[in-house]
Amino acid sequence: AQTVTQSQPEMSVQEAETVTLSCTYDTSESNYYLFWYKQPPSRQMILVIRQEAYKQQNATENRFSVNFQKAAKSFSLKISDSQLGDTAMYFCAFGGGSEKLVFGKGMKLTVNP
Amino acid sequence: GAGVSQTPSNKVTEKGKYVELRCDPISGHTALYWYRQSLGQGPEFLIYFQGTGAADDSGLPNDRFFAVRPEGSVSTLKIQRTERGDSAVYLCASSLSSSGGLDTQYFGPGTRLTVL
C-alpha cells in the first residue's frame with residue numbers, strides 16, 4: 001500500500017519570500033504520478049502541480065516548482081515570491097497502481113504581509 | 001459546466017437519519033470519485049466510478065454507505081442510519097478517463113455533513 005507523509009503541520013512565510021513544503025512517500029510501483037493540491041478555506045481542492053515519475057525533469061508552473069527525488073521518494077514543493085493568496089492547506093498526493101489518490105495529512109501555509 | 005459541483009454545500013442531520021449527497025462532474029468526464037475528509041486530515045478514498053459502474057468501492061467504511069451513478073454522469077452518495085462519526089467533508093472529483101490513477105482529478109467544493 002502507498003503512504004504519503006507530510007511531516008510539517010504548519011509553516012508561515014513573509015510575502016515575496018520563498019518557501020519549501022516537504023513530502024515523502026512510499027510505494028513499490030514503478031509508474032506513478034505525484035500531485036500537490038491547494039485547499040483554501042472555500043474547501044475546494046485546486047491542483048497546483050503534477051509530476052510524472054518517469055520524467056527526470058522537475059515540473060514547474062509559474063511560481064511553483066517541485067524537487068522530485070525518486071530514489072529518496074521525496075517530492076517537495078517550492079513556492080517563489082509568495083503571495084497572500086497562497087495562504088491555504090497544501091496536500092501532497094500519490095496516484096498510481098489504482099485509480100484512487102492517496103493524500104498526506106496536509107500542511108497549513110500562512111503568508112504574512 | 002465549469003467545474004465539479006456538489007449539493008448541498010452543508011447538511012446538518014440527526015443521528016440515525018438518512019442523507020443523500022449529490023455530485024455533478026465536469027461534462028465529458030467518465031471517471032468519478034468520492035472522498036471523505038475528516039477534520040485535520042487529508043481526503044480518504046471512498047469509491048470510484050468508471051461510467052455507470054462502481055469499479056472500486058474498497059474505501060466505503062461499511063454497508064451504511066452506498067453510491068450510484070445511474071446514467072454515467074451525476075452521482076449520489078447515500079448514507080443510512082447516520083452516526084456522529086460520519087461528520088466530515090465529502091469531496092467529489094472527476095477525471096477525463098481512468099488509467100491507473102494517472103489522470104488529473106478535479107475536485108468539487110465538497111459537502112460538509114454534520115451529524116448531531
Query raised in the report: Are any of the residues in the range A:69-76 touching a Lys or Arg at 6+ places or on another chain (Cβ under 9 Å) and open to solvent by less than 10 Å² (accessible area, probe 1.4 Å)?
Result: no
Query raised in the report: If we keep just the residues of the range B:20-33 that are in contact with a Gly (Cβ under 8 Å, 6 or more places away or on another chain) and outside any loop (DSSP other than H, G, I, E, B), which is surrounded by the fewest Cβ atoms within 10 Å (Cβ to Cβ)?
Result: B:D24
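Please work out if B:K17 is more than 9 Å from every other protein chain (Cβ to nearest Cβ) and crowded, with 17+ Cβ neighbours inside 10 Å.
Numbers: more than 9 Å from every other protein chain (Cβ to nearest Cβ): yes; crowded, with 17+ Cβ neighbours inside 10 Å: no.
Considered against the rule, which asks whether it is more than 9 Å from every other protein chain (Cβ to nearest Cβ) and crowded, with 17+ Cβ neighbours inside 10 Å, B:K17 comes out as no.
Condition first: open to solvent by less than 50 Å² (accessible area, probe 1.4 Å), part of a strand (DSSP E or B) and closer than 18 Å to B:E44 by Cβ. Can you find one or more residues in the range A:47-60 that meet it? Lay out the reasoning, then the answer.
Within the range A:47-60, the first condition is being open to solvent by less than 50 Å² (accessible area, probe 1.4 Å), and the residues that meet it are A:48-49, A:51-53, A:59.
Then drop every residue that is not part of a strand (DSSP E or B), which leaves A:48-49, A:51-52.
From what's left, closer than 18 Å to B:E44 by Cβ: none.
There is no residue in the range A:47-60 that is open to solvent by less than 50 Å² (accessible area, probe 1.4 Å), part of a strand (DSSP E or B) and closer than 18 Å to B:E44 by Cβ.
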Query raised in the report: Which numbered condition trips up B:G110, out of (1) within 11 Å of the chain's Cα centre (by Cα); (2) at pLDDT below 95?
Result: (2)
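Results for (1) under 23 Å from A:A1 (Cα atoms); (2) in contact with a helix residue (DSSP H, G or I) (Cβ under 6 Å, 6 or more places away or on another chain); (3) buried (at least 17 other Cβ atoms within 10 Å of the Cβ), shown as yes or no for each residue.
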position: B:A55; (1), (2), (3): yes, no, no
position: B:S58; (1), (2), (3): yes, no, no
position: B:G72; (1), (2), (3): no, no, no
position: B:T82; (1), (2), (3): no, no, yes
position: B:A93; (1), (2), (3): yes, no, yes
Report summary line: In the range A:77-104, anything over 27 Å from B:Y48 (Cα atoms) and either within 12 Å of chain B (Cβ to nearest Cβ) or open to solvent by 60 Å² or more (accessible area, probe 1.4 Å) (or both) is listed as A:K78, A:D81, A:Q83, A:L84
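The values are calculated or read from the model by the stated rules, or taken from the named source; none is laboratory data. Since we're looking at a predicted model, the values are computed, not measured. Note that we place each Cβ from the backbone using ideal geometry, even for glycine, and neighbour counts take in every protein chain shown. We work out accessible area using only protein heavy atoms, side chains counted, and drop any ligands, DNA or RNA first. Shrake-Rupley method; radii C 1.70, N 1.55, O 1.52, S 1.80 Å.
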